[in-house]
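Let me begin by presenting the structure, written as C-alpha cells, before commenting on it.
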Amino acid sequence: MASLFDLSEGNFIVKGVPLFRDVPQNISFSPFSSICKPSEPNVPPSLLQRVFSLSHKGGFFGFSNEIPSDRLMNSLGSFTGKNFLSVFRFKTWWSSQWVGNSGSDLQMETQWLLIEIPKIKSYVVIIPIIEKSFRSALHPGSDGHVMICAESGSTKVKALNFNAIAYVHLSENPYNLMKEAYSAIRVHLNTFKLLEEKVLPNIVDKFGWCTWDAFYLTVDPSGIYHGLDDFSKAGIEPRFVIIDDGWQSISLDGCDPKENAKNLILGGEQMGGRLNRLNEGDKFKKYESGLLLNPNSPPFNAKRIKDLISKGNQHKLLRKQRDEAVLSKSSDLAEIDSNIKKLKEEIDVLFGVEECNNVPKSECRTLNGMKALTRDLRIKFKGLDDVYVWHALVGAWGGVRPETTHLKSKIVPCKLSPGLDGTMLDLAVVKIVEGSIGLVHPDQATDFYDSMHSNLAHSGITGVKVDVIHSLEYVCEEYGGRVDLAKAYYEGLTKSIVKNFNGNGIMASMQQCNDFFFLGTKQVAMGRAGDDFWVKGPEGDPTGEYWLQGLHMIHCSYNSLWMGQIIQPDWDMFQSNHVCGKFHAGSRAICGGPIYLSDHVGFHDFDLIKKLVFPDGTIPKCVQFPFPTRDCLFKNPLFDHTTVLKIWNFNKNGGVIGAFNCQGAGWDTKLHKFRGFPECYKTMTGSVHVTDIEWDQNKEATDFGKAEEYVVYSNQGEKLCLMTPKSDPIKFIIQPSTFEIYNFVPITKLGGNIKFASIGLTNMFNSGGTILNMEYTERCAKIRVKGGGNFLAYSSESPKKFELNGSKVAFEWFSDGKLFINLSWIEEAGGISDLIIFF
C-alpha cells in the first residue's frame, strides 16, 4: 500500500498536501509498522488486528541531537493558515482546549494537536508520547514552528536521539482519528489500556454526594451522616459518597509528629501536611458505632459549618493582606496580626463545639473509627453501595512524614519543569513547592498503597479518589526521572487496586497530563475530565461564579476527545442551589457518567435534582459520553462572540444534542490565566440539525442514522417538531449560562402509514435516557420506561388502546402528534413501567 506520508526536502507531506514546511534535517519519520511489530504481548488479538489493519495511516516522528541532554527542544516544522484544535496544560494537573491556525498559536505543554486539511477532506493528529525515560509535549515556536520538547525530569538521565517521540495519524473522520491514534499508541507503548478493555466502577451510572464543597476540611462523621440524610428524607437515595480531603491523619512540620493537624478549614491550609499514620485522623478515629443511629443524637448544626467556611475565607484574606504588608513594610501589620489572632480564637471556639460529645454512651459498642462509620451509614442508608475516600498520589499533599510510619520516607525538594512556566499561578503548586514532598521510596510503592488500601477495605471503603497526581514530576531528580518514578508508583497503585478494590474502585483527579494516561491507566477506568467545580470566581471578580461554569463544560467536552479513549470522563460534582446549578445540571444530564453533588447540608434544590435522578439513586444515563459537534471542533465557544457549545450523545431511543452558552471567559495568552471576557457574556444564536450527531460512532445507533425522518423534542422549550436529513436546521436563541437539550428520535412506521416515536419522560432533563427498551410490531409499540412523570411519544394517529403494566389506561393525544400519559414511580417494580400502545 502506498505511503500516505512523505518527509523530504524540508516538507512533511500528507496525501500530497504539505502539512509542515521548514522541517529540520534532524527530524525523522517512520511508518508505524517499521517501529511496532504485530507480536506485542498483553494486547487483545482483536485490538492488535484492528491497529495493524490501519497501520498505513500512522507513523512516528523522531529527532537526533548532537549533545545529550535531560531536556531537548526541537522543531517539527512550521505551518500557517490551517485550523487546529489542541489541548494544553494550563496547570500542572489540568488541561483545556485551544484553537488557532499556526504553530505559533500553540500554548506551552500541548498534549495533542489536531489539524484540519480541507483539501483532502481529512484530519491529522500529532500526539507527543513517551520514549524510553523521556516524556514529550508540544510548544509554540516562532514563524509558525511547532516545537517538541522531550524531557526526563532528571539531570542524571540524558539522551540525544529518539525514533518515536511523537505519533502522527490521518483519518477522514475526526472522531475515528482519535480512537485509531490512541489505539495505535496503546499497542506501541503497551503500558496502558484503552477504556474498551476495562471494567467501569460501580458508581458510573449512579447518583452520589461528595463532601468537598459541603465541608472542605471540616468534614466529620456527623456531617457525612446528616448530608446523606438530607437526600434520603427528600426521597432520593444516594448510591455512593466520596469522603474528600479532611479525613486523613496528617501533621504539619514544626508540630508534634504524632499529633493531628487541627482546626483546618479551607483548601491550602492542609497542603503542607504529611501523613503521620496510614489510617483515619482523630475526628474519624474517635467515632463509635451507633453514635449517629442513636435517637438522642443531637441535630446537626449546618450554620456552624457555614460560619467556619466564612471565617476560613476571612482568615485567607487576612493572611494575604499580611503577606502584602510584610513586603511593603506597612504600618498596618500589627493591626492585621491582631485581627488574625482574634479570628483564630473565634474559629477555635466554633471548632470546640463537638456535636457528638453529648451523645449518651452505650455499653455494647464494639467498633470505632472508619469501620464503625461505614457500618452505620449502610445500616441507615440501604441504597448506599459505595463509600470512597480521597487521598493524594503521594499520600497527603505533602506526602508521608519521615519516621512516623514503617515506610522509608524522605523530604524531597520540588523542581518544576520549565514547561510549566506557561501555566497559571496555582496555590497548590506554591504550597507544595514551599513545603517539599515527603516521598516514600519508589521501591516501597506497592507496600505503601497496600498498607493504606487494605486498611481502608477492611473498614468498609470500596474505592479511592486519587488526587494531586502529577506532583511526582516535581521530585524525580534522584529517582531516574519522571517516567521511571511514575512507573514505580503506578505499578504499586495498580496492584493495590486489584487486590483491595475489585480492580476498578478508583477515580483519578488532577491527572490531566499525558504521562499519567500513558503509564498509569492499566486499571484506572474513570477520571476527571475538567478542572474543579468552583463555587466562586477569582477574588475581585464577582462575575466569576458565572463564567467559570461554562469554562468547566469546555474543559470536559474537549478533554473527552482524548481522555475518553482511555478512561470514562467524569464531569465532577456541582451544587444544586448554586446560581448556575441548573446550567451544570443540564450538562450532567447527558455527560454519560455519574452525577454527584457537593451540596451543603440543608442547602439543596430538590426540584432540580429530581430532573436528574430517580428515587432509587440511579440516573437516566446516556449510553456513552459526549463529544463536541464537528462545527465546534475548531471554534472557540468561550470568547469568539459566535459559537455555542454543542455536544452530542446517544440514548437507547435515538440521539441527543446539548447546546450550552459558555461565552464569557477564556485563556489570556499574555497573563497565562483564565479570566472573564464580559463583552462575550451575552445572548447567542445558533442551530442544530440531526446530521450534527455522529451516528456511526455507536454500533447500536448506526441504524438510527439511516432513518428517513425524526421527531425533535426540545426539553427546556417543550417543543416538538419533525425533521429529515434534508431539512433546514432548527435555529435557537440562548441566554448566557443557559442551555437546551434536543432529543432526535427516529420515526418508525407502524401499519404502513402511522408515524411513531417514543421520547421519554419530559420531566427529566435527559428524557431519552428514561427509555430502557422498545419493540415494534405491525400495529403495536411496546416500551419499557424507568421513572415517574409525564411520558411523551409522537404518534401521527391516535392509538386505539393504551396498556400500562397490563391494565388499560386513559391517555391524551393531540392533533400535533403529542401522546401523553402520566406514570407513577412504583417502588416494588424498581420504578419500571411497561407500556403497550395499540393502533
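The values are calculated or read from the model by the stated rules, or taken from the named source; none is laboratory data. All figures in this text were calculated on a predicted structure; none of them were measured in a lab. Every residue, glycine among them, receives a Cβ derived from its backbone with ideal geometry; neighbour counts consider all protein chains shown. The accessibility values were calculated without ligands, DNA or RNA, using every heavy atom of the protein model including side chains. Shrake-Rupley method; radii C 1.70, N 1.55, O 1.52, S 1.80 Å.
A few points about this structure:
- Flag if Asp616 is farther than 21 Å from Phe90 by Cβ, modelled with pLDDT of 95 or more and either basic (Lys, Arg) or surrounded by fewer than 24 Cβ atoms within 10 Å (Cβ to Cβ) (or both): yes
- Which numbered condition Ile379 fails, given (1) open to solvent by less than 20 Å² (accessible area, probe 1.4 Å); (2) more than 30 Å from the chain's Cα centre (by Cα): (1)
- With respect to (1) part of a strand (DSSP E or B); (2) open to solvent by less than 50 Å² (accessible area, probe 1.4 Å), the lone exception for Val51 is condition (1).
- Asp607 vs. criteria modelled with pLDDT of 95 or more, among the acidic types (Asp, Glu) and closer than 23 Å to Leu114 by Cβ: no
- Screening the candidates Phe634, Phe674, Phe627, Phe639 for the property of being open to solvent by 10 Å² or more (accessible area, probe 1.4 Å), modelled with pLDDT of 95 or more and within 28 Å of Asp245 (Cα to Cα) yields one hit, Phe674.
- Residue in region 428-437 that is in contact with a Leu (Cβ under 9 Å, 6 or more places away or on another chain), under 28 Å from Gly268 (Cβ atoms), of a type in the set (Ser, Thr, Tyr) and at pLDDT 95 or above present: no
- Counting the residues of region 197-237 that are open to solvent by less than 20 Å² (accessible area, probe 1.4 Å), outside any helix (DSSP H, G or I) and closer than 28 Å to Glu269 by Cβ gives 5.
- Residues of region 85-98 include none that is more than 30 Å from Val430 (Cβ to Cβ), open to solvent by 10 Å² or more (accessible area, probe 1.4 Å) and in contact (Cβ under 8 Å) with a residue 12 or more places away in the chain.
- Residue match in region 210-217 (condition: under 23 Å from the mean Cα position of the chain (by Cα), closer than 21 Å to Gly593 by Cα and small (Gly, Ala, Ser)): no
- Among the residues listed as Ser331, Ser310, Ser362, the single one being at pLDDT 90 or above, over 30 Å from Gly438 (Cα atoms) and of a type in the set (S, T, N, Q): Ser310
- For the residues Leu416, Leu425, the requirement of being within 30 Å of Lys670 (Cα to Cα), open to solvent by 20 Å² or more (accessible area, probe 1.4 Å), assigned to a loop (DSSP other than H, G, I, E, B) and at pLDDT 95 or above singles out Leu416.
- Of all residues in region 436-456, exactly one satisfies the criterion of being out of contact with any Pro (no Cβ under 9 Å at 6 or more places or on another chain), open to solvent by 20 Å² or more (accessible area, probe 1.4 Å), free of Cβ contacts under 8 Å to residues at least 60 places away in the same chain and of a type in the set (Gly, Ala, Ser), namely Ser454.
- Among residues of region 1-20, those that are outside any strand (DSSP E or B), free of Cβ contacts under 8 Å to residues at least 24 places away in the same chain and open to solvent by less than 50 Å² (accessible area, probe 1.4 Å), counted: 0
- Strands (runs of 3 or more DSSP E) wholly inside region 689-793 containing at least 3 residues that are surrounded by fewer than 20 Cβ atoms within 10 Å (Cβ to Cβ): 719-723, 730-734, 771-777, 780-786
- Which numbered condition Tyr489 fails, given (1) in contact with a Cys (Cβ under 8 Å, 6 or more places away or on another chain); (2) open to solvent by less than 10 Å² (accessible area, probe 1.4 Å): (1)
- Qualifying residue in region 529-538 (condition: in contact (Cβ under 8 Å) with a residue 24 or more places away in the chain, buried (at least 23 other Cβ atoms within 10 Å of the Cβ) and not in a loop (DSSP other than H, G, I, E, B)): no
- Residue match in region 100-118 (condition: among the hydroxyl-bearing types (Ser, Thr, Tyr), within 28 Å of Leu393 (Cα to Cα) and either surrounded by fewer than 24 Cβ atoms within 10 Å (Cβ to Cβ) or touching a helix residue (DSSP H, G or I) at 6+ places or on another chain (Cβ under 9 Å) (or both)): no
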